[in-house]
Amino acid sequence: MNIDTGLLRALLRVPKYKHGVRSMAAILQMSRLGGKKRFDKSDLPPREQLALHVDVDDFFFLLERERFFQQSTD
């Protein structure tokens with residue numbers, strides 16, 4: 001599966017998962033990936049569900065930061 005670079009970096013760089021690797025797995029399971037070939041920001045679960053596993057503000061800051069840097073280098 002192809003994954004958006006900003007999303008991948010946010011998943012890897014978020015400072016803390018509230019339940020460790022189980023939280024990362026839960027986020028992936030809650031994401032809408034059925035039959036898709038690419039994992040994008042739009043596939044993530046709602047913010048309320050993400051908040052059960054990560055600090056949502058930190059996560060989206062990292063995600064948008066990576067997108068900004070990606071656009072400025074294109």
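The values are calculated or read from the model by the stated rules, or taken from the named source; none is laboratory data. Since this is a predicted model, take the numbers as computed values, not measurements. FYI the Cβ positions are ideal-geometry reconstructions off the backbone, even for glycines, and counts take in every protein chain you see.
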How many residues are surrounded by fewer than 18 Cβ atoms within 10 Å (Cβ to Cβ), within 16 Å of LEU62 (Cβ to Cβ) and of a type in the set (A, V, I, L, M, F, W, C) when one looks only at the range 1-45? 4
Could you give me the residue pairs with C-beta distances under 6 Å whose first residue belongs to the range 35-57 and is closer than 17 Å to LEU8 by Cβ, whose second residue is outside any helix (DSSP H, G or I) and among the acidic types (Asp, Glu) wherever it lies, and which are 6+ apart or on separate chains? ASP40/ASP4
Could you list all residues from the range 1-22 that are hydroxyl-bearing (Ser, Thr, Tyr) and more than 15 Å from LEU50 (Cβ to Cβ)? THR5
How many residues, within the range 46-74, are in a helix (DSSP H, G or I), loosely packed, with under 13 Cβ neighbours inside 10 Å and modelled with pLDDT of 95 or more? 3
Does any residue in the range 15-31 that is assigned to a helix (DSSP H, G or I) come within less than 7 Å, Cβ to Cβ, of a residue that is at pLDDT 95 or above and aliphatic (A, V, I, L, M) six or more places away or on a different chain, and which pairs are these? SER23/VAL54; MET24/LEU11; ILE27/LEU50
